[in-house]
Amino acid sequence: MGFRVRVKYLSSNIRVRVDAVPLPSLCIGDYFRVERPILQAPIGSLATVGLAAAVSNAGGLGSLALTWTDLNLAVDRVRALRAATSSPFFVNFALAFEPHALQHVLDAGAPAVTFSWGLPGELTKLVHGSGAAVGVQVGSLAGAKSALDDGCDFLICQGVEAGGHVQSSIPLRELLHVVVAEACGIPVIAAGGLADGADIADVLRLGANGAMLGTRFVATTESHAHPAYKSLLVESSCRDTVLTSCFNGDWPLALQRVLRNRTLNEWERAGCGPPGRRPGENEVTVRQTDGKAIMRYDDTPPNAGMVGDVLSCCLYAGTGVEKIQSIMSAQALVYELCSDAAAALGGSGSQAP
């Protein structure tokens, strides 16, 4: 599959407008305060220490996805991130899988843990016992009630517009209204299809305490996404995204929102068959830098250094993708998002130092 490379890369030292009238800061209980209420979603293998550190150092809240990370590597990454920033960050575990590294990354100093695709239950006490905050991603009002009963410190309200593995079946703004009311002052983070300052301003008006962006941070210089994938994000529109079960990998019950590509088109043309009856499913699509083969229906997105038909891989993207106009540094992006959100809320901007 061909692609056009027509991406604007913005220098990391570009002077961008930041909020002269700041957005409200985000306070997570008595644990920590986030200067700018912008969270970088835990975008799987595309999240790097450099990306998370840049977001946190810019006043947002960076993150690492550690569900599938080797235990020792997970600890090394948390230690490296602590060395790269004195600001808070969080790590994420999808509870569809056993969180093997949880205690170890808490011992390494992770200041907050978020859980998705399940409820933490007794894990809440484990995290709190290590002095860290607990966030839970929810996709329904019932899920929010259960997460609050488990004692979480903040909620991540995900709408069906989200890219990646989608836990929700409800549009964000419809769900956000009822989750905020149920939370009764517990911070609520909006997620799903958010990509610019106007989106952030919109969810803040609706009562959210912060906004989580995933696809937009994939398209930054620090993310580990393949350059061809980043380029395609800039070229795509919301009409190119599809909610599907095509790329199920080792997670068969999770739907994904992705960009339409050749693999998806051929699967649909063949009638959307189950594993064992899908066209080309024994084909190697790409190889990683260590030579490991990635098969056609794997849920691994294109990472930097992969070789092969990278745009036939799983291309996660939320519905806000069409608002991505360029690839820029994470720091510049956080500043731009804040400036634009403040302007949309009636504030004004100033030049970054």
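The values are calculated or read from the model by the stated rules, or taken from the named source; none is laboratory data. Remember, it's a predicted structure, so these values are computed and weren't measured experimentally. Positions of Cβ are generated from backbone atoms using ideal geometry, with glycine treated the same way; all protein chains shown enter the neighbour counts.
Among residues belonging to segment 40-83 that are among the polar types (S, T, N, Q) and in a helix (DSSP H, G or I), point out the one that is nearest to the chain's Cα centre (by Cα).
By that ranking, first place goes to 45.
Tallying residues that are farther than 18 Å from residue 261 by Cα, loosely packed, with under 14 Cβ neighbours inside 10 Å and without any contact (Cβ under 8 Å) to a residue 24 or more places away in the chain within segment 273-304 yields 8. Across segment 121-145, the number of residues qualifying as in a helix (DSSP H, G or I) and in contact with a Cys (Cβ under 8 Å, 6 or more places away or on another chain) comes to 2.
Scanning segment 165-190 for residues that are in a loop (DSSP other than H, G, I, E, B) and either crowded, with 24+ Cβ neighbours inside 10 Å or not polar (S, T, N, Q) (or both) yields 167, 170, 171, 184, 185, 186, 187.
Limited to segment 191-221, what total is found for residues that are in a loop (DSSP other than H, G, I, E, B) and out of contact with any Ser or Thr (no Cβ under 6 Å at 6 or more places or on another chain)? Break it down stepwise before answering.
Let us first name the residues in segment 191-221 that are in a loop (DSSP other than H, G, I, E, B), namely 192-196, 206-209, 214, 219, 221.
With the extra rule that they be out of contact with any Ser or Thr (no Cβ under 6 Å at 6 or more places or on another chain), the set shrinks to 192, 194-196, 206-209, 214, 219.
The total comes to 10.
Going by the structure shown, is residue 86 of a type in the set (Gly, Ala, Ser) and either part of a strand (DSSP E or B) or surrounded by 24 or more Cβ atoms within 10 Å (Cβ to Cβ) (or both)? Answer is no for this residue.
When residue 142 is tested against (1) of a type in the set (A, V, I, L, M); (2) surrounded by 22 or more Cβ atoms within 10 Å (Cβ to Cβ); (3) within 26 Å of residue 245 (Cβ to Cβ), only condition (2) is not met.
Please find, within segment 235-253, the residue that is farthest from residue 159 (Cα to Cα) out of those that are surrounded by 13 or more Cβ atoms within 10 Å (Cβ to Cβ), of a type in the set (Gly, Ala, Ser) and modelled with pLDDT of 95 or more. It comes out as 236. Beta carbons closer than 7 Å, at least 6 apart along the sequence or on distinct chains, pair a first residue in segment 23-39 that is assigned to a loop (DSSP other than H, G, I, E, B) and surrounded by fewer than 23 Cβ atoms within 10 Å (Cβ to Cβ) with a second that is at pLDDT 95 or above and of a type in the set (A, V, I, L, M, F, W, C) for 25/34; 29/133; 31/112; 31/133.
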